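Below is one structure, written out as structure tokens; the observations come after it.
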Amino acid sequence: MIAFLKLLFWLVLCQLPGLAGAGAVSPNLEWFHSLQMPPFMPPDMIFGLAWSVLYVLLGVAAFLAFGHGLKSARKALILFIVQLALNALWTPVFFGNHRPGAALLLLAVIVAEGIWLARVLWHKSRAAAWLLAPYGLWLLFAAYLNAGVWILNA
């Protein structure tokens, strides 16, 4: 029962970045759809689905890495929380402030910090580090899309 509660805690915590940015998306969809889009831009519904799955994978990764205690994982925990916080900032920057260039810069920081997090998690839990791989790939795809929007609409 304790393990289930720990898993539930991490799953809920990892949904917070999506919830934090959700309020910036809806009022700005008209602006977003007025932009020129790069090739391979997926339909809107794919973003919500992809992020929901990725946040679950992040939650499971956190559970695997931190489920047995946090004392020996302080650095990894700090990096993990920073990753979630950075992730939560992207949507308000891109959608809320209409700043694709600043959002791309933030995304570069998110990717770099994510690589650092994966390297640190690798020593704590290889399974947790591997669970970050789809997240990392999606971030790279998001960077391509973000860069495309920035360049096409500058």
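The values are calculated or read from the model by the stated rules, or taken from the named source; none is laboratory data. The structure presented is a predicted model; accordingly, all values stated were derived computationally and were not measured. All Cβ positions, even for glycine, are placed from backbone atoms using ideal geometry, and neighbour counts span all protein chains on display. Just the protein is used for accessible areas: all its heavy atoms, side chains included, with ligands, DNA and RNA removed. Shrake-Rupley method; radii C 1.70, N 1.55, O 1.52, S 1.80 Å.
For the chain, what is the charge dipole size about the Cα centre, in debye to the nearest 20, if Lys and Arg each add +1 at the Cβ and Asp and Glu each add -1 at the Cβ?
So the dipole magnitude of the chain works out to roughly 720 debye.
Once phi is turned into θ = phi - 60°, what whole-Hz ³J(HN,Hα) does the Karplus curve with 6.51, -1.76 and 1.60 give for every residue of the range 31-36, x standing for Gly and Pro?
4, 4, 6, 7, 7, 6
Given the DSSP H assignment, sum -39500 (n - 2.57) over each helix run of at least 4 residues in the chain and divide by its residue total; what's the result at 222 nm in deg cm²/dmol, nearest 500? Numbers along the way, then the final one.
Values: 7 runs with 121 residues, N = 154.
Here the helix-only value at 222 nm equals -26500 deg cm²/dmol.
Once whole DSSP H runs in the chain are found, which of them have Cα atoms spread over 24 Å or more along the helix axis and a mean Kyte-Doolittle score of at least 1.6?
2-25, 44-66
Ignoring ligands, DNA and RNA, please state the percent of accessible area on the range 27-154 from carbon and sulfur, probe 1.4 Å.
On the range 27-154, the fraction of accessible area on carbon and sulfur atoms equals 72 percent.
Find how many whole Å separate the alpha carbon centroid of the range 42-61 from the alpha carbon centroid of the range 93-119.
Taking the Cα centre of the range 42-61 as reference, the centre of the range 93-119 is 17 Å away.
Label-point separation (nm) for Val53 and Ser72, each offset 7 Å from Cα along Cα-to-Cβ?
Roughly 3.3 nm, to one decimal.
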